[in-house]
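Okay, so here's the structure we're looking at.
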Amino acid sequence: MDEKILTIKKKVKKALDNYRYQHTLGVAYTAASLAMRYGEDMERLFLAGILHDCAKNIDNEEKYELCRKYKLDLSDIEKKAPFLIHGKLGAYIAEHEYGVKDKDILNAVRYHTTGRPGMSITEKIIYIADYIEPHRHEAKRLKEIRMEAFTDIDSALRMVLRDSLDFLKGKDRPVDPLTQETYEFYVNQIGKAALP
Ligand code: FE
Ligand code: FE
């Protein structure tokens, strides 16, 4: 593995609590495995996984403060739901504190909580790896989605998007309109009849 990636991994470990760091390693190794399956660059995907939650353990107050400081625009829902900010803020930190210049990796960090229409393969892999990594156990259909991720990545993506939306709506949790938009974008690509 590239020395730079190992240095970043050590730095991320210091920025996270142990629970979040173990999840982060799970995402990184799952993303690397999906990269092997889909013929993508394993080290790039590993790095994106290592960085995806790098802003997760910052206090909510400080998250808002940093967004002001770095001039990151927040949507109405992000102003109300600090949980949704760590992707956007994480992408900024990955670029400016960890020195990552690869735009595709930065986008994977940025959009890992919501998804977005027209995701790259890197973005899809991180979005899915975040959902299926081995420490995850609560979501329904995890076994099927884990298998589907290594069979048909777009189908797995639709399953994750649909289950995430169902979960959030069922719990009356704030839903970022971008997640709904992303789900519709990927469903429209196949037609609703073919839904898994
Ligand atoms: Fe996250
Ligand atoms: Fe995560």
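Residues of segment 8-22 that are surrounded by fewer than 17 Cβ atoms within 10 Å (Cβ to Cβ) and either free of Cβ contacts under 8 Å to residues at least 24 places away in the same chain or touching a strand residue (DSSP E or B) at 6+ places or on another chain (Cβ under 6 Å) (or both): LYS10, LYS13, LYS14, ASN18, TYR19. Considering HIS112, HIS135, the condition of being in a loop (DSSP other than H, G, I, E, B), buried (at least 23 other Cβ atoms within 10 Å of the Cβ) and within 16 Å of ligand 1 (Cβ to nearest atom) is satisfied by HIS112 alone. If you go through segment 115-127 and keep only what is more than 15 Å from ligand 1 (Cβ to nearest atom) and either under 8 Å from the mean Cα position of the chain (by Cα) or in contact (Cβ under 8 Å) with a residue 60 or more places away in the chain (or both), you end up with PRO117, GLY118, MET119, ILE121, THR122.
Being within 16 Å of ligand 1 (Cβ to nearest atom), of a type in the set (Asp, Glu) and within 24 Å of ARG173 (Cα to Cα): is that true of ASP53 here? So ASP53 fits the description; yes.
Among the residues making up segment 115-132, those that are more than 11 Å from ligand 2 (Cβ to nearest atom), part of a helix (DSSP H, G or I) and closer than 16 Å to THR179 by Cβ are GLU123, LYS124, ILE128. Taking every residue in segment 138-166 that is closer than 16 Å to ALA31 by Cβ and pairing it with any residue that is charged (D, E, K, R) and assigned to a helix (DSSP H, G or I), at least 6 positions away or on another chain, the pairs with Cβ-Cβ distances below 8 Å are ILE145/ASP163; PHE150/ARG37; ILE153/LYS124; ALA156/GLU148; LEU157/LYS124.
Every condition in (1) more than 30 Å from LYS4 (Cα to Cα); (2) surrounded by 19 or more Cβ atoms within 10 Å (Cβ to Cβ); (3) within 16 Å of ligand 1 (Cβ to nearest atom) holds for ASN107 except the one numbered (1).
Conditions tested, residue by residue: (1) modelled with pLDDT under 95; (2) of a type in the set (Gly, Ala, Ser); (3) within 16 Å of ligand 1 (Cβ to nearest atom).
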residue: TYR19; (1), (2), (3): no, no, yes
residue: MET36; (1), (2), (3): no, no, no
residue: GLY39; (1), (2), (3): no, yes, no
residue: PHE46; (1), (2), (3): no, no, no
residue: GLU61; (1), (2), (3): no, no, no
residue: TYR70; (1), (2), (3): no, no, no
residue: PHE83; (1), (2), (3): yes, no, yes
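The values are calculated or read from the model by the stated rules, or taken from the named source; none is laboratory data. Bear in mind that the values here come from a model prediction, so they are computed numbers and not experimental data. Don't worry about glycine lacking a Cβ; one is built from the backbone with ideal geometry, like all the others, and counts go over all protein chains shown.
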